[in-house]
Every structure is written in C-alpha cells, then in structure tokens.
Amino acid sequence: MIKTYDSSVGSSALTFAEAVRAWVTGWSVSRGAPAPVEVPGGYRIDVGLPGHVRRYVLPEADPAVLRDLVAAATEPGTWIKVCAPAGRVTPALTPRWEVHDPEFMMSTTLRPADATAPDGYTVRTVTADGVTEAEVRAADGSLAASGRTGRTGGVVVFDRIATDAAHRRRGLGRLVMRALGAAALERGAEHGVLVATREGLALYGALGWDLRGTVTPCVLGAEDGGSGGA
C-alpha cells in the first residue's frame, strides 16, 4: 500500500515546499537546463527545447497566479505543472491549453538497499557535475534499464527511470532505483524526490516512497491546436 501524507511533512522529513523546490532544482541539474528562477507563485525553467520551451512549476493552484500566468503565456510549448488535482487547475485555462495525464510527487528518506544485479545483467553508476547515471546491461551488452539523479544539497531527484520492453518484469527498475540511491548515499545525500507517472506509482510505493500529492501538467498548444510533447 502506498502511504499518503499531507502537504506539510511526511515520513521523508521534507516539507512539501522543500520537496517542490528540490524537484525543480534537481530536475534542472539532471536535464542540463538553466537553474530555475523564482516567479510569483512558483518557479520558471527556461528549458529551450522544441515543444518544451519553458516550464513553470506552481506548488499550489492559486487562481490569481494561474490566471495571470495563462494570460501572459503566448509561446507554444510552454508548460505549467501545478501541484494540485486537475479540477483546481482547468477553470483558469483557455482552450489552447492541453491538460495531460496526472503525475504524482513522491519523496523518501534514502536507506541502504541491495543493488546486486540478477544473473545475466550488470549494473554500473557514473557521477559527474551533480548527475549520477545508472545503466543495467544484458549479457549481450544491450541497455536493459537506466535512470539518473540530479543533486541539490542533500536531496537527489530521480529522473528518466526506464526499462526496455524486452527486459520488463525482472526487477530491473527496482535495481536502477537502488543503485541510484546507493550512489546518492555514498555522496552524502539524505532524501529523494521524484514525480511519477501513474504506471510508476506502484513501483515507487513498493520501494517505500511516500505519495505527497498530485501534479497536473498542461501545455500551451499552437493557434491551430497543435502542441509539442515533454
């Protein structure tokens, strides 16, 4: 069962505000994006990618902040990620905004865990410039699973956790998480934060992560209704 905590303090010992700030900053480190900038009601990251020009992260669905941000945003590929259910976000949006599937903010206190690869696989981690990458490879050298963390202070943000379709249901996603956690502990980190898809929610919950809240992602489409992805 996935534990759920209120938006103040969970068993991870991070307040919700600390978790959001860590997520924004660690995500930027992981993706090699510019450092986030504080804006009214939240944060802005100038990502600069096709379909993902910039992203705003709002720790709450303040109607006035949302209305002002929606009114000011004009460039397709602008994302807003609001730490609230969609029902509290959509009233402020115009028809050009597309609401995507909900995501879920989670956090944990890092603890030692066995990161031994199963037979037929190897796992390795490499750290540089605050980013740790983990790779699990099959016996033929092909990439079976991978992930990374971006560090900010004593918190690491887990990002891009993925398992190749041919290697799923073998515990490799868990292995990547444990390997990244072990590497983070070795470097003095204490906490982990991530934002999961619905599919990842069960995996991370089974690993002891705490559900902190729902994140609603929305993106500004082009005048003709098209938009990019992120």
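See the values below:
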{"quantity": "Residue match in the stretch 203-215 (condition: part of a helix (DSSP H, G or I), surrounded by fewer than 18 Cβ atoms within 10 Å (Cβ to Cβ) and modelled with pLDDT under 95)", "calculated": "yes"}
{"quantity": "Residue match in the stretch 108-128 (condition: touching a residue at least 40 places away in the same chain (Cβ under 8 Å), of a type outside the set (A, V, I, L, M, F, W, C), touching a Ser or Thr at 6+ places or on another chain (Cβ under 9 Å) and closer than 22 Å to L201 by Cβ)", "calculated": "yes"}
{"quantity": "The stretch 151-173 residues that are on the phi < 0 side of the Ramachandran plot and small (G, A, S), paired with ones that are part of a helix (DSSP H, G or I) and surrounded by 14 or more Cβ atoms within 10 Å (Cβ to Cβ) (beta carbon under 7 Å, 6 or more apart)", "calculated": "G173/L203"}
{"quantity": "Odd one out for A189, checked against (1) of a type in the set (A, V, I, L, M, F, W, C); (2) modelled with pLDDT of 95 or more; (3) closer than 19 Å to H52 by Cβ", "calculated": "(3)"}
{"quantity": "Criterion violated by R96 - all others in (1) open to solvent by less than 60 Å² (accessible area, probe 1.4 Å); (2) in contact with a Gly (Cβ under 6 Å, 6 or more places away or on another chain) satisfied", "calculated": "(1)"}
{"quantity": "Whichever residue in the stretch 71-88 is open to solvent by less than 50 Å² (accessible area, probe 1.4 Å) and either in contact with a Gly (Cβ under 8 Å, 6 or more places away or on another chain) or part of a loop (DSSP other than H, G, I, E, B) (or both) and, among such residues, is farthest from L203 (Cα to Cα)", "calculated": "A73"}
{"quantity": "Residue within the stretch 78-87 that is charged (D, E, K, R), under 30 Å from V176 (Cα atoms) and without any contact (Cβ under 8 Å) to a residue 24 or more places away in the chain present", "calculated": "no"}
{"quantity": "Count of residues meeting criterion [over 24 Å from V57 (Cα atoms) and of a type in the set (G, A, S)] in the stretch 181-201", "calculated": "5"}
{"quantity": "Residue match in the stretch 158-165 (condition: more than 30 Å from P76 (Cβ to Cβ), open to solvent by less than 10 Å² (accessible area, probe 1.4 Å) and either of a type in the set (D, E, K, R) or not in a loop (DSSP other than H, G, I, E, B) (or both))", "calculated": "no"}
{"quantity": "Residues of the stretch 86-125 that turn out to be over 20 Å from the mean Cα position of the chain (by Cα) and among the hydrophobic types (A, V, I, L, M, F, W, C), as a count", "calculated": "7"}
{"quantity": "Long-range neighbours under 9 Å by Cβ, at least six apart or interchain, first residue open to solvent by 70 Å² or more (accessible area, probe 1.4 Å) within the stretch 13-38, second in a helix (DSSP H, G or I)", "calculated": "A35/T25; A35/S28; A35/V29"}
{"quantity": "Residue among R67, R44, R55, R111 that is open to solvent by 40 Å² or more (accessible area, probe 1.4 Å) and in a strand (DSSP E or B)", "calculated": "R44"}
{"quantity": "Selected residue (only one of P95, P91 is out of contact with any strand residue (DSSP E or B) (no Cβ under 8 Å at 6 or more places or on another chain) and either free of Cβ contacts under 8 Å to residues at least 12 places away in the same chain or assigned to a strand (DSSP E or B) (or both))", "calculated": "P95"}
{"quantity": "Meets criteria (in a strand (DSSP E or B) and basic (K, R)) for R124", "calculated": "yes"}
{"quantity": "Residue within the stretch 172-186 that is in a strand (DSSP E or B) and buried (at least 17 other Cβ atoms within 10 Å of the Cβ) present", "calculated": "no"}
{"quantity": "Boolean, L194 is under 30 Å from P50 (Cβ atoms), assigned to a helix (DSSP H, G or I) and in contact (Cβ under 8 Å) with a residue 40 or more places away in the chain", "calculated": "no"}
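The values are calculated or read from the model by the stated rules, or taken from the named source; none is laboratory data. Just so you know, these numbers come straight off a predicted model, no measurement behind them. Note that each Cβ is placed from the backbone with ideal geometry, even for glycine, and that neighbours are counted across all protein chains shown. Heavy atoms of the whole protein, side chains included, go into the accessibility calculation; ligands, DNA and RNA do not. Shrake-Rupley method; radii C 1.70, N 1.55, O 1.52, S 1.80 Å.
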